[in-house]
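Reading through the structure tokens given below for one structure.
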Amino acid sequence: MLLGVFQSSSCEVASGIRRCRARFCNSSVSFFFNAEHEVAAESNDPRNNTKYHPRYFVLVRVIRGSFAFGRFVERASMEASQLVETWQIHDRINLYLLDAIDPEHLKDLAMSKGRNVGEQFAHIHNVRLMWLKQAAPELIGKLAKIEKEDAADKRLLQKSLTESGPAINKLLTKSIESGGKVKGFKPHVAAFLGYLISHESHHRGQIALSLKQSNHAVSKKVLFGIWEWGVR
């Protein structure tokens with residue numbers, strides 16, 4: 001009965017874990033009832049003391065092991081949701097920064113030249129599309145690359161990033177559910193998330209530098225705001 005409760009209490013887990021849990025629980029439940037039946041039968045014999053019978057201890061271990069596995073499943077589910085939430089926060093920070101930039105400043109360049117502000121945002125979006133095409137092309141849908149000549153269009157940048165962010169979110173979720181692998185990337189989905197955040201944060205720094213060196217620096221409120229992950 002206890003194992004039956006455990007089995008039904010952890011149904012919202014990634015498919016790989018669900019399969020493992022199902023195999024474990026099915027065998028454990030079967031063993032549980034077999035052992036319980038045998039212990040009960042033998043306990044009718046006054047020569048046996050069920051409390052100290054070897055099968056009693058095996059039964060207790062099965063129950064304890066099952067609940068330990070349940071805690072593992074809950075932790076795995078929690079960690080998976082935290083990875084996805086981390087991406088969502090990071091994605092909102094990109095949009096928070098873009099929202100604070102005047103459209104006419106999207107053509108600002110750093111002293112070292114390279115991409116202007118709008119092109120940096122476009123590059124972030126385009127790299128997302130590159131990974132979607134590589135790892136899960138079915139998630140691209142109507143997403144389109146931002147061409148260089150369109151990178152100064154703030155509305156287009158906002159629309160594109162607003163759409164590619166959730167697509168990456170789906171890729172992360174899909175990768176977690178399929179065992180933590182991202183097609184074309186090594187070693188695993190957690191590292192892939194770290195790669196994406198590192199890449200896009202680098203370009204956020206380039207954007208802030210370009211604006212500052214063009215005398216259009218974003219406010220201190222925004223500069224501090226991009227680090228306020230707890231409220232984004």
Worksheet entry | Out-of-range pairs (alpha-carbon distance over 27 Å; input Lys133/Lys159; Lys142/Lys221; Lys142/Lys183; Lys174/Lys220) | Lys142/Lys221; Lys174/Lys220
Item to complete: For each of Arg92, Arg204, Arg155, count neighbouring Cβ atoms within 10 Å of the residue's Cβ, then give the residues from fewest to most.
Response: Arg155, Arg92, Arg204
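List Ser198, Ser81 from most exposed to least, where exposure is judged by having the fewest other Cβ atoms within 10 Å.
Lowest to highest Cβ neighbour count: Ser198, Ser81.
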Worksheet, complete the sentence: Interchain or sequence-distant (5+) residues whose placed amide H lies within less than 5 Å of the amide H of Val182 are Val189
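Every number in this text was worked out from the coordinates using simple rules, so none of it is lab data. What you see is a predicted model; the values in this text were computed from it and never measured. Here Cβ is always computed from backbone atoms with ideal geometry, including for glycine, and neighbour counts include all displayed protein chains.
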